[in-house]
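So the structure is just underneath, and the comments pick up after that.
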Amino acid sequence: MARTLETHHGGALCHIYLWQLFLRSYLASILLNETLESISLDLGFSGNTLAEGLVVSTCLGGAFIGSLFSGWIVDGIGRRRAFQLCALPMIIGASMSATTKSMWGMLLGRLFVGTGMGLGPPVAALYVAEVSPTFVRGTFGSFTQIATCLGLMGALFIGFPAKETVGWWRICFWVSTVPAAVLAVCMEFCAESPHWLFKRGRGIEAEAEFEKLLGGPHVKSAMAELSRTDRGDEADTVKFSELFYGRYFKVVFIGSTLYALQQLSGINAIFYFSSTVFKSFSVPSDLANICVGIINLLGSLIATILMDKLGRKALLLGSFSGMVVSMGLQVIGASSFTSGSAALYLSIGGMLLFVFMFALGAGPVPGLLLSEILPGRIRAKAMAVCMAVHWVINFFVGLLFLPLLDQLGAEILYSIFAAFCLVAVFFVKSSILETKGKSLQEIEIALLPSE
């Protein structure tokens with residue numbers, strides 16, 4: 001039994017750590033916060049806000065494209081090969097960005113990187129859910145959020161010399177190719193998802209992968225449970241329209257809405273523009289970014305510990321509730337009733353608390369939860385649709401935040417974000433099923449009406 005659990009944990013941890021490498025790669029590619037100024041000077045578009053915006057938003061556009069097609073790719077070639085495939089455009093794009101002499105070359109490179117960004121997260125969520133033990137699936141799923149935090153902080157530190165060292169931004173892009181290449185090579189030695197193999201009618205291979213992951217004594221029970229919901233029919237294809245009506249509509253709606261509310265909470269506006277708020281109180285932007293990164297990492301570590309103890313729903317409720325309170329503190333700090341040190345403590349304290357509460361649940365839970373509640377037959381394609389919603393709203397929040405801030409003011413805009421967080425609390429309370437300790441097959445049977 002001990003050997004079995006060791007094999008089980010070891011195999012799954014191998015996969016999670018490889019995904020951490022991937023996330024560090026893609027986040028190391030997004031070094032534009034620290035390097036955009038030097039890039040614009042070297043490539044001749046300094047002062048052109050439209051061009052600078054395009055360099056950032058092109059990456060998000062590529063992510064939307066990658067996520068939209070990720071379901072068909074991951075179902076067609078498998079989870080393991082999809083991991084390797086998503087590393088390829090990131091290596092190509094980062095290399096193009098590192099060597100380009102023009103803005104157009106940079107835009108093309110960012111488009112490639114974004115495509116890999118969009119393809120990667122759905123693949124990771126599916127893979128983690130399908131190879132992890134039920135009783136620690138939440139913990140393993142949370143590791144991706146920790147990897148995100150480490151990637152953000154690594155990108156921040158690597159980008160520091162860009163302001164003083166000419167051409168340093170090119171080195172930043174070259175660095176990001178290394179973990180992507182490591183991922184592509186190491187995934188060759190990792191297990192394929194038994195769920196995908198069984199769905200493709202390759203039952204013998206699925207048994208072999210289960211043996212690697214679980215150990216021999218558990219293979220028969222794992223295959224029997226898999227057979228309860230999956231028919232193992234390779235020809236059983238999913239039409240895109242099936243995701244939007246009938247028995248699958250509810251789970252796709254839940255997943256898309258959860259991702260929409262995550263982004264409408266204002267978290268990316270906080271990440272993108274936190275340094276601006278700190279600067280308004282004469283706090284250096286470097287220190288601001290470090291503080292936000294540490295708080296984000298701390299919250300993610302706590303979420304990893306609590307995910308399989310408190311459950312996904314409890315963490316989401318606590319997270320969004322805390323985000324309402326912390327955004328309320330920022331509203332008070334931005335109002336005319338506070339000034340001086342009170343405004344400083346409320347604004348910065350509220351912002352750091354917001355990031356912490358986000359990292360406790362609203363950050364790590366949606367990706368994990370979606371990979372659990374989506375039925376095996378549509379899991380990859382439905383995940384692609386939900387992630388596409390994520391990237392679209394991410395793009396528009398980043399695009400519209402500053403114009404709305406100028407027109408409405410921080411007090412009203414932060415109140416709108418707080419309202420979306422409150423809506424999320426009620427949505428989670430009424431619509432989200434607790435998945436802690438349940439197998440993927442048990443969750444599917446509980447959620448889907450009978451055919």
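The values are calculated or read from the model by the stated rules, or taken from the named source; none is laboratory data. These numbers were taken from a predicted model, which means no experiment stands behind them. Glycine gets a Cβ as well: all are built from the backbone with ideal geometry, and neighbour counts include every protein chain shown. Note: accessible area is taken over every heavy atom of the protein model, side chains too, but ligands, DNA and RNA are not part of it. Shrake-Rupley method; radii C 1.70, N 1.55, O 1.52, S 1.80 Å.
Being over 21 Å from the mean Cα position of the chain (by Cα), among the β-branched types (Val, Ile, Thr) and crowded, with 18+ Cβ neighbours inside 10 Å is a description that does not apply to Ile171. Please work out if Gly333 is of a type outside the set (A, V, I, L, M), within 27 Å of Val136 (Cβ to Cβ) and open to solvent by less than 50 Å² (accessible area, probe 1.4 Å). Criteria not met by Gly333.
Given the options Gly47, Gly76, Gly53, name the one that is in a helix (DSSP H, G or I), more than 15 Å from Phe112 (Cβ to Cβ), of a type in the set (Gly, Ala, Ser) and at pLDDT below 85.
Values: Gly47 fails: in a helix (DSSP H, G or I); Gly76 fails: at pLDDT below 85.
Matching residue, one of Gly47, Gly76, Gly53: Gly53.
Answer with yes or no whether Glu205 is surrounded by fewer than 19 Cβ atoms within 10 Å (Cβ to Cβ), farther than 18 Å from Asp75 by Cβ and not hydroxyl-bearing (Ser, Thr, Tyr). No. Under the condition of being surrounded by 16 or more Cβ atoms within 10 Å (Cβ to Cβ), touching a Gly at 6+ places or on another chain (Cβ under 9 Å) and either over 23 Å from Ile393 (Cα atoms) or not aliphatic (A, V, I, L, M) (or both), the residues counted in region 74-104 number 17. Residues that are open to solvent by 20 Å² or more (accessible area, probe 1.4 Å), of a type in the set (Gly, Ala, Ser) and closer than 30 Å to Ser227 by Cα within region 176-202 comprise just one, Gly201.
If Ala418 meets every condition in (1) in contact with a Phe, Trp or Tyr (Cβ under 8 Å, 6 or more places away or on another chain); (2) crowded, with 19+ Cβ neighbours inside 10 Å; (3) part of a helix (DSSP H, G or I) apart from one, which number is that one? All conditions are met except number (1). Would you confirm whether or not region 223-238 contains a residue that is at pLDDT 75 or above and under 23 Å from the mean Cα position of the chain (by Cα)? For region 223-238, residues at pLDDT 75 or above and under 23 Å from the mean Cα position of the chain (by Cα): absent. The set of residues in region 378-389 being over 17 Å from Ala260 (Cα atoms) and in a helix (DSSP H, G or I) consists of Arg379, Ala380, Lys381. Taken residue by residue, region 360-377 has no member that is open to solvent by 30 Å² or more (accessible area, probe 1.4 Å), touching a helix residue (DSSP H, G or I) at 6+ places or on another chain (Cβ under 8 Å) and in a helix (DSSP H, G or I).
Here is a yes/no grid of residues against (1) within 20 Å of the chain's Cα centre (by Cα); (2) more than 26 Å from Glu434 (Cβ to Cβ); (3) hydrophobic (A, V, I, L, M, F, W, C):
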position	(1), (2), (3)
Gly311	yes, no, no
Phe320	yes, no, yes
Met323	yes, no, yes
Gly333	no, yes, no
Phe337	no, yes, yes
Leu344	no, yes, yes
Ile348	no, yes, yes
Phe354	yes, no, yes
Met357	yes, no, yes
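The sole residue among Ala147, Ala162, Ala181 that is of a type in the set (A, V, I, L, M), in a helix (DSSP H, G or I), at pLDDT below 80 and closer than 19 Å to Met96 by Cα is Ala162. For region 423-451, the set of residues classified as surrounded by fewer than 15 Cβ atoms within 10 Å (Cβ to Cβ), over 22 Å from the mean Cα position of the chain (by Cα) and within 30 Å of Tyr245 (Cβ to Cβ) consists of Phe426, Lys429, Ser430, Ile445, Ala446, Pro449, Ser450, Glu451, listed by residue number.
Here is the figure for region 176-207: residues that are within 21 Å of the chain's Cα centre (by Cα) and more than 18 Å from Leu440 (Cα to Cα) total 10. If you filter region 307-321 down to residues that are under 16 Å from Phe143 (Cα atoms) and open to solvent by less than 50 Å² (accessible area, probe 1.4 Å), you find that the one that is modelled with the lowest pLDDT is Asp308. Could you identify the single residue in Arg137, Arg110 that is in a helix (DSSP H, G or I), of a type in the set (D, E, K, R) and over 26 Å from Ala222 (Cα atoms)? One residue alone meets the criteria, Arg110.
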